[in-house]
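Asks: Right, I'll just put the structure down here and ask away after.
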Amino acid sequence: MSQLSDPERAAQLRAVPLLDLITRQSLDEDYQHVAERRAQRDVGPASRGRARTVPTVAAVLVFGLLVAVAAVQTSRNSSVEHASREQLIERIDARHATVARLQQEISDLRATTTEQEARYGDLGRSLSAVTATRRNLAARTGWGQVSGDGVRARVEDAPSGSSDGQVRDSDLAGLVNGLWQAGATAIAINGQRITTLSSLRNSGTVVRINEVSLSSPYTVLALGDTDTLQAKFVQSTSGVRFENLTRTFGMPYTMDNAQDLTLPAAPAWMMALRHTSTDHGAMKEKETP
Amino acid sequence: MIAALGLVVGIVLGLIFRPDVPTGLEPYLPIAVVAALDAVFGALRAFLDGIFDDKVFVVSFVSNVVIAAGIVWMGDKLGVGGQLSTGVIVVLGIRIFSNVAAIRRHIFHA
């Protein structure tokens, strides 16, 4: 701007007031210095390469970025900064109320959870009790496979071959009844489980049970107390009668204690529920197989 | 022309990405923007005067931003941040005004 020499300019700067000085120096003096130096070296501004505009553009780009970020930040903060004290207190109170409500909800839900957990525990206990009962019942009634210690009885037709010497349904029924009386918990003949619905029936020369034909020799497995089962069997009426029968007609017959016997469940078609009533007795259901 | 394009691209980038300013730097951002504005108007005036130099521009841009933010930061540490930022704004504002006046004289030849 002013083409004064350095000492002159310094003297002038000292003299002016501050605001005046700022106004006068508003253009960076460096531009002036560089322009003067360039003029001395006789290098024109036209010699500047295109590549040297890159820093300028980068600086301007950064400037734009700064402006945008500052504007975004300001607008983002304005909702908080412009809200009055009362509004802010109101907002805080509203949030406090929400928090209190949510905490109340949490404690309610916790109480519900505890209650439900207690009920779940009760249900689990009664479920295991019912499952145990069911298992016992299934073992008793022949609806489930059972295993344990017991006795193995073997009887076959008399070697003489006479029709009297053949084992009949009533003979096997006597044997089974005797074993029941002796305290057997589960009985199977030749792998056919005896249930309350099973019937022993003669069909010609073969014995049928659970609608399955059996033939001699007959192996009767019975679960029960191995210490007392045989003794009680021979004392029972059916047992005495059966022993007499085998002796009279010469049927080979043995009965031994056996360990780890496994009795199968009754066939599936027998397990169809025919009639049942609930414990309360209030409701009765009938189901056709 | 290219510089104007750079400005637009910068603004668009800032609006698109909306970068989060760290809380510690947040108070110094407006001061930095005003300082940068001063550097830009100074450069524009120098350009119209025909003595623009990109090196001087970049150096004055960076140093303006850093010094302005640094002064306010130091003022914050000393407990006079508000006053110092007012002082910086006044000085930079006067410079911007006189630079803009010079630019106006160039454009309208008045």
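Read-outs throughout are calculated quantities, based only on the coordinates presented, and are distinct from any laboratory measurement. All of these numbers come straight from a predicted model, not from anything done at the bench. As a convention, Cβ positions derive from the backbone with ideal geometry for all residues, glycine included, and neighbour counts pool all protein chains shown.
Asks: Would you report the distance distribution of C-alpha pairs in the stretch B:13-110 as whole percents per 10 angstrom bin, up to the bin with the largest distance?
Replies: Spelled out per bin, shortest first, that is 15, 38, 31, 14, 2.
Asks: Taking the inverse of the average 1/r across all pairs of different Cα atoms in the stretch A:131-259, what Kirkwood radius in Å do you get?
Replies: Averaging 1/r across every pair of different Cα atoms and inverting gives 14.9 Å.
Asks: I want to check the label-to-label distance for A:Asp260 and A:Ala94. Put each point 7 Å from Cα in the C-beta direction and report it in nm to one decimal.
Replies: Going by the 7 Å Cα→Cβ label model, 7.7 nm.
Asks: Net charge near A:Ala173: determine it from the other residues with C-beta under 14 Å of the C-beta of A:Ala173, scoring Lys and Arg +1 and Asp and Glu -1.
Replies: Neighbourhood net charge equals +2.
Asks: Beyond 38 Å, what share of the Cα-Cα pairs of the protein assembly as shown remains, rounded to the nearest whole percent?
Replies: Tail fraction, whole percent: 60.
Asks: On to the next question. Between A:Val80 and B:Leu5, with labels modelled 7 Å along Cα→Cβ, what's the label distance in nm to one decimal, could you check?
Replies: In this crude spin-label approximation the distance works out to 4.0 nm.
Asks: Shifting gears a bit: Once Lys and Arg get +1 and Asp and Glu get -1 on their Cβ, which of A:Met255, A:Ser126, A:Ala231 lies farthest toward the positive end of the dipole of the protein assembly as shown?
Replies: The residue sitting farthest along the positive end of the dipole is A:Ser126.
Asks: Give, in whole angstrom and from largest to smallest, the semi-axes √(5λ) of the equivalent ellipsoid of the stretch A:23-165, with λ running over the eigenvalues of the Cα gyration tensor.
Replies: The three semi-axes for the stretch A:23-165 are 100, 36, 9 Å.
Asks: When the helices in the protein assembly as shown are scored as -39500 (n - 2.57) per DSSP H run of 4 or longer and the sum is shared across all residues, what 222 nm value do you end up with, to the nearest 500 deg cm²/dmol?
Replies: -20500 deg cm²/dmol
Asks: Mind checking the mean number of beta-carbon atoms from other chains within 10 Å of the Cβ atoms in B:60-68?
Replies: Taking all residues of B:60-68 together, the mean is 2.
Asks: Another question about this same structure. With labels modelled as points extended 7 Å from the Cα through the Cβ direction, what inter-label distance (nm, one decimal) is found for B:Leu78 paired with A:Arg135?
Replies: Once both label points are built, they end up 8.7 nm from each other.
Asks: Which whole-number percent is the relative contact order of chain B (Cα, under 8 Å, 6+ apart)? Please report the intermediate quantities before stating the final value.
Replies: Working: 73 pairs, mean separation 33.4, N = 110.
After rounding, I find 30 percent.
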